[in-house]
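Here is the structure we will look at, set down as structure tokens.
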Amino acid sequence: MFRKREKLGMPMLNTTSTADISFMLLIFFLVVSSMDIDQGLLRQLPSKDKESIQKETLVDKSQLMQLSITADNELLIDDVPTDIRQLRPALQRFIARQGASHLIALQSDPASLYDTYFQVQNELVLAYKHVRNAYSMKKYGKKFQELDKEQREKVMERVPQHIAEVYHDAPTDAQEFREEVADD
């Protein structure tokens, strides 16, 4: 005889462990993936201690290049207004001409933009990179990055990075108030 067919229901997947599996995959990919790490600029900032003793150093003006960023974000090289695109070639010529005895003094107005400051810093880094590469190509026939540790140290002795930054102390509100009262 005829049997009644049972209606078959929709087959279902067991999804109870799906959340656990997705969480485990997320953890796995976070642990395994590489993260880009910003290296930043190697600079020594002034100490917080206002009474720290600073040594005075005599510098020959012919071996000094003064870079200034004004409040209007204008770049001055030795008090001459200069376009930022002209900074790198000027730095390269100066560093190559002076050798290890050069000094670059960077002064920025507190009202200037960070973008201008970092553009100048970028040009400084690229200028040193270019001069070091040129010297290492001349001396060793290789780029600076391709040299071994001893050769790199010799190139860095010949083309050291001498940058002095001048920091302005930002006046506190109390100092500004006293100055305003004194002006009245």
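The values are calculated or read from the model by the stated rules, or taken from the named source; none is laboratory data. What you are looking at is a predicted structure, and each value in this text was computed from that prediction instead of being measured. Cβ placement follows ideal geometry from the backbone for every residue including glycine, while neighbour counts extend to all protein chains displayed. The protein model used for the area step is the full one, side chains on, heavy atoms only, and it has no ligands, DNA or RNA in it. Shrake-Rupley method; radii C 1.70, N 1.55, O 1.52, S 1.80 Å.
For the range 123-137, filtered to residues that are under 14 Å from ILE104 (Cβ atoms) and not hydrophobic (A, V, I, L, M, F, W, C), the residue that is least open to solvent (accessible area, probe 1.4 Å) is TYR128. Out of the residues in the range 83-98 that are buried (at least 16 other Cβ atoms within 10 Å of the Cβ) and over 19 Å from the mean Cα position of the chain (by Cα), state the one that is nearest to PRO160 (Cα to Cα). So the residue we want is ILE95.
If you check ASP36, ASP20, which single one turns out to be over 21 Å from TYR114 (Cα atoms), modelled with pLDDT of 85 or more and exposed (fewer than 10 other Cβ atoms within 10 Å of the Cβ)? Give the derivation first.
Values: ASP36 fails: modelled with pLDDT of 85 or more.
Being over 21 Å from TYR114 (Cα atoms), modelled with pLDDT of 85 or more and exposed (fewer than 10 other Cβ atoms within 10 Å of the Cβ) holds for just one of ASP36, ASP20, which is ASP20.
Would you confirm, using the coordinates I've provided, whether PHE29 is surrounded by 10 or more Cβ atoms within 10 Å (Cβ to Cβ), over 30 Å from PHE118 (Cα atoms) and modelled with pLDDT of 65 or more? Steps first, please.
Values: surrounded by 10 or more Cβ atoms within 10 Å (Cβ to Cβ): no; over 30 Å from PHE118 (Cα atoms): yes; modelled with pLDDT of 65 or more: yes.
It is false that PHE29 is surrounded by 10 or more Cβ atoms within 10 Å (Cβ to Cβ), over 30 Å from PHE118 (Cα atoms) and modelled with pLDDT of 65 or more.
How about the range 73-84: which of its residues are farther than 14 Å from LEU124 by Cα and touching a residue at least 40 places away in the same chain (Cβ under 8 Å)? Hit for the range 73-84 is ASN73, nothing else. Among residues of the range 99-120 that are closer than 19 Å to ASP78 by Cβ and surrounded by 17 or more Cβ atoms within 10 Å (Cβ to Cβ), those with a Cβ under 6 angstrom from a residue that is at pLDDT below 90 and among the acidic types (Asp, Glu), sequence gap 6+ or separate chain, pair up as LEU106/GLU165. For the range 138-158, the count of residues that are in contact with a Gly (Cβ under 9 Å, 6 or more places away or on another chain) and open to solvent by 70 Å² or more (accessible area, probe 1.4 Å) is at least one.
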